[in-house]
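Below: one structure, written as structure tokens.
The values are calculated or read from the model by the stated rules, or taken from the named source; none is laboratory data. Keep in mind that this is a model prediction, so the values were computed, not measured. Because the Cβ atoms are built from the backbone with ideal geometry, glycine has one as well, and the counts that use them run over all protein chains shown.
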């Protein structure tokens with residue numbers, strides 16, 4: 001669905017991302033991990049075409065990303081950046097409705113999709129509210145609803161790129177948001193999500209990419225990536241890795 005081959009991104013003389021290969025596949029959630037400055041947000045920006053590549057290529061459904069017409073690409077690829085700024089007093093449903101701009105599906109269909117997307121992120125009760133009156137976490141959920149509405153209900157050929165969608169959320173909504181992301185993938189879409197919480201990554205991601213100083217340090221399943229030695233090398237953190245007693249995925253405990 002979305003493939004990256006030997007990506008390199010430079011800022012001046014410095015390569016901030018180099019030699020990155022990635023395959024986002026239908027029905028799977030890929031988590032990107034790494035310390036601050038490892039290149040996670042740079043990778044997401046390169047994958048959506050926001051940053052120019054010094055080398056390599058990005059393919060969306062087998063076609064070079066830059067060759068896609070803007071409107072058609074927006075129907076297949078949606079991006080939630082780390083920071084979404086909006087300084088106008090739009091109603092919540094108007095913000096989420098911006099995700100429907102690439103389509104001409106009609107007002108009634110769009111209203112139903114907006115409501116469904118808000119419900120998916122546990123924010124249906126925010127209908128009618130002014131965006132500027134929301135808390136930071138509520139705004140984060142509204143923007144996730146917007147990108148979900150852009151690809152609703154998700155399906156093969158559609159890709160969702162998310163940069164730290166849980167960063168401003170309480171523990172309950174961290175899980176509800178990632179459950180919504182998981183549901184999108186279960187419809188056949190492909191997801192890349194940047195996440196800092198190792199245990200959330202272990203629970204909700206099928207595949208992990210561990211970045212270190214702009215390169216891929218490790219990739220594979222959570223069992224393959226979330227091991228004590230590479231986590232110490234990348235994060236400088238001594239951890240104990242056990243099996244979750246109920247779900248069997250890795251459970252990371254700081255020593």
Residue that is touching a residue at least 24 places away in the same chain (Cβ under 8 Å) and buried (at least 22 other Cβ atoms within 10 Å of the Cβ), where the choices are 51, 22, 17: 17
Subset of region 217-255 [touching a strand residue (DSSP E or B) at 6+ places or on another chain (Cβ under 6 Å) and in a strand (DSSP E or B)]: 217, 218, 219, 239, 240, 241, 242, 250, 251, 252, 253, 254
Scan of region 2-33 for residues that are on the phi > 0 side of the Ramachandran plot and either at pLDDT below 95 or under 17 Å from the mean Cα position of the chain (by Cα) (or both), ordered by number: 12, 27
Tally, over region 148-166, of residues that are assigned to a helix (DSSP H, G or I) and farther than 17 Å from residue 186 by Cβ: 2
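Results for (1) over 22 Å from residue 114 (Cα atoms); (2) surrounded by 20 or more Cβ atoms within 10 Å (Cβ to Cβ); (3) touching a residue at least 12 places away in the same chain (Cβ under 8 Å); (4) out of contact with any strand residue (DSSP E or B) (no Cβ under 7 Å at 6 or more places or on another chain), shown as yes or no for each residue.
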residue	(1), (2), (3), (4)
146	no, yes, yes, yes
152	no, yes, yes, yes
157	no, no, yes, yes
161	no, yes, yes, no
178	no, yes, yes, yes
191	no, yes, yes, no
199	yes, no, yes, no
Count of residues meeting criterion [more than 16 Å from residue 36 (Cβ to Cβ), in contact (Cβ under 8 Å) with a residue 12 or more places away in the chain and more than 22 Å from the chain's Cα centre (by Cα)] in region 213-255: 12
Leading residue by the ranking (farthest from residue 117 (Cα to Cα)) among those in region 73-97 that are modelled with pLDDT of 95 or more and out of contact with any helix residue (DSSP H, G or I) (no Cβ under 6 Å at 6 or more places or on another chain): 73
Residue among 214, 220 that alone is loosely packed, with under 15 Cβ neighbours inside 10 Å and within 22 Å of residue 6 (Cβ to Cβ): 220
Flag for residue 139 being surrounded by fewer than 23 Cβ atoms within 10 Å (Cβ to Cβ), touching a strand residue (DSSP E or B) at 6+ places or on another chain (Cβ under 9 Å), on the phi < 0 side of the Ramachandran plot and in a helix (DSSP H, G or I): no
Residue match in region 56-75 (condition: surrounded by 14 or more Cβ atoms within 10 Å (Cβ to Cβ), in contact with a strand residue (DSSP E or B) (Cβ under 6 Å, 6 or more places away or on another chain) and within 15 Å of residue 147 (Cβ to Cβ)): no
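Take the conditions crowded, with 18+ Cβ neighbours inside 10 Å, under 20 Å from the mean Cα position of the chain (by Cα) and touching a residue at least 24 places away in the same chain (Cβ under 8 Å) and apply them to residue 79. Does it pass? Don't jump to the end; show me each part of the working.
Numbers: crowded, with 18+ Cβ neighbours inside 10 Å: yes; under 20 Å from the mean Cα position of the chain (by Cα): yes; touching a residue at least 24 places away in the same chain (Cβ under 8 Å): yes.
So residue 79 fits the description; yes.
Among the residues of region 98-127, which ones are in contact with a helix residue (DSSP H, G or I) (Cβ under 7 Å, 6 or more places away or on another chain) and in a loop (DSSP other than H, G, I, E, B)? It would help to see each step written out before you state the result.
Going residue by residue through region 98-127, those that are in contact with a helix residue (DSSP H, G or I) (Cβ under 7 Å, 6 or more places away or on another chain) are 98-100, 102, 110, 113-115, 117-118, 120-124, 126-127.
102, 121, 122, 123, 127 - these are the residues of region 98-127 that are in contact with a helix residue (DSSP H, G or I) (Cβ under 7 Å, 6 or more places away or on another chain) and in a loop (DSSP other than H, G, I, E, B).
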